[in-house]
Amino acid sequence: MHRVFINSIMKRLVFTNDKGGVGKTTTVANLAVGLSEQGKKTLVIDMDPQADVTFALLGQRAPEAGSGYLPPTIHSLLIGHYPIENVIIPAPRYPNLFLIPANADLADAALKLSNRPTRLRHLLDNLSEKDYDLILIDTGKGLDPLAVNALAASDEVIIMVTPGKLELDAIGRMQEHVRLVREEVLLHASHPKIRGILITQADPYSITRDTILRIMEHFPGLLLSSIIPKNNDLQKAIGRASSIFEIAPGSKGALAYKTLIEELNL
Ligand SMILES: Nc1ncnc2c1ncn2[C@@H]1O[C@H](COP(=O)(O)OP(=O)(O)OP(=O)(O)O)[C@@H](O)[C@H]1O
Ligand SMILES: [Mg+2]
């Protein structure tokens, strides 16, 4: 009898909000380490010139371009025409975890990509479905051409929200951005889809409860049930370029990210 093996689909997930400081990098770094420890071959793409997730996962900054030298970074991939295999590096401290790092050079790619919104998507299409189980993309703040490239390259979008910062307006804007990318950039594609809204830095006070209720009322069905608490260990871990699973594996933060991995079925 003939047996057909179906490869698992290499899902591309982007974590976004057009506001800064909402926990995107903290979430991408911890999910990536958590997934890699579960044996999932994971590729993180740093699409932020601040390069925070690069620092979190490597423990050091990626070298910058200098007289004739182009380091293997996302900038070299997007602008310098390096093939994708040349810019993917292993994160040596973690099994199964790979990274396309960023550095400040990326800032100048934003301008050059303004009329190439599908550049990253086409580059990722050169990877085989078998290469990675998952691709996680971290973005910076604002909806610049880098963020549009990240959205257009993704299958699913997680909208990140912290309580009490005009979050409904931000979610509405992100929903519209995702729709525009689907309709105008990808010409009526079925992706990217909004996978869910993730609340981070939640505390026990009423502002968080109100945020939860407002999101449930205005965006029915989109709020993820995993909620990431405000947790000092998460802040400590990222500050030390480490993951929560190393610094405080029994903490509320670690538990929340494990629950999120299960809920997203990653
Ligand atoms: N759940 C949390 N509990 C406590 N502190 C947190 C939590 N999540 C993030 N932080 C802290 O909040 C700050 C912003 O987080 P982070 O860098 O992940 O946000 P970001 O959305 O990636 O920001 P940017 O838009 O600048 O890239 C950091 O100092 C981080 O340590
Ligand atoms: Mg960040």
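Of note:
- Among L213, L99, L168, the largest mean-square fluctuation in a Gaussian network model of the chain (Cα springs under 10 Å) belongs to L213.
- Each label point was placed 7 Å from the Cα along the Cα-to-Cβ direction; for Q175 and N86 their separation is 4.4 nm.
- Over 18 Å between alpha carbons, listed pairs K11/K40; K41/K252; K24/K141; K230/K252; K41/K193: K41/K252; K41/K193
- The range 22-120: GluC sites (Glu not before Pro) in DSSP loop, at most 16 other beta carbons within 10 Å: E64
- By the rule of a C-alpha distance below 17 Å, with chain neighbours fewer than 8 residues away ignored, the aspartates and glutamates paired with K130 are E85, D155.
- Cα convex hull volume per residue for the chain (Å³): 141
- The range 152-200: C-alpha pair distances exceeding 17 Å, %: 33
- Rounded Å value of the spacing that divides the Cα centres of the range 243-264 and the range 179-229: 20
- Distance-filtered residues of the range 44-86 - backbone nitrogen under 20 Å, label point 7 angstrom along S128 Cα→Cβ: 44, 83-86
- Extension gain, D210 back to E156 (0.36 nm per residue minus Cα-Cα distance, nm): 16.8 nm
- FRET E, pair E263, Q235, Förster distance 25 Å, beta-carbon r, rounded to 0.05: 0.65
- Each eigenvalue of the Cα gyration tensor of the range 160-266, multiplied by 5 and square-rooted, gives one semi-axis; in descending order these are 28, 18, 12 Å.
- Value of relative contact order over the range 34-99, rounded to a whole percent, pairs C-alpha under 8 Å and six or more apart: 41
- Across the chain, Cα pairs under 8 Å and at least six residues apart give a relative contact order of 25 percent.
- Average silhouette area of the range 18-109, convex hull of alpha-carbon atoms, in square nanometres: 6.1
No value in this document is a laboratory result; all are computed from the given coordinates. Because the structure is predicted, anything quoted here is derived from the model rather than measured. Neighbour counts are summed over all protein chains in view; Cβ atoms, including those assigned to glycine, are modelled from backbone coordinates with ideal geometry.
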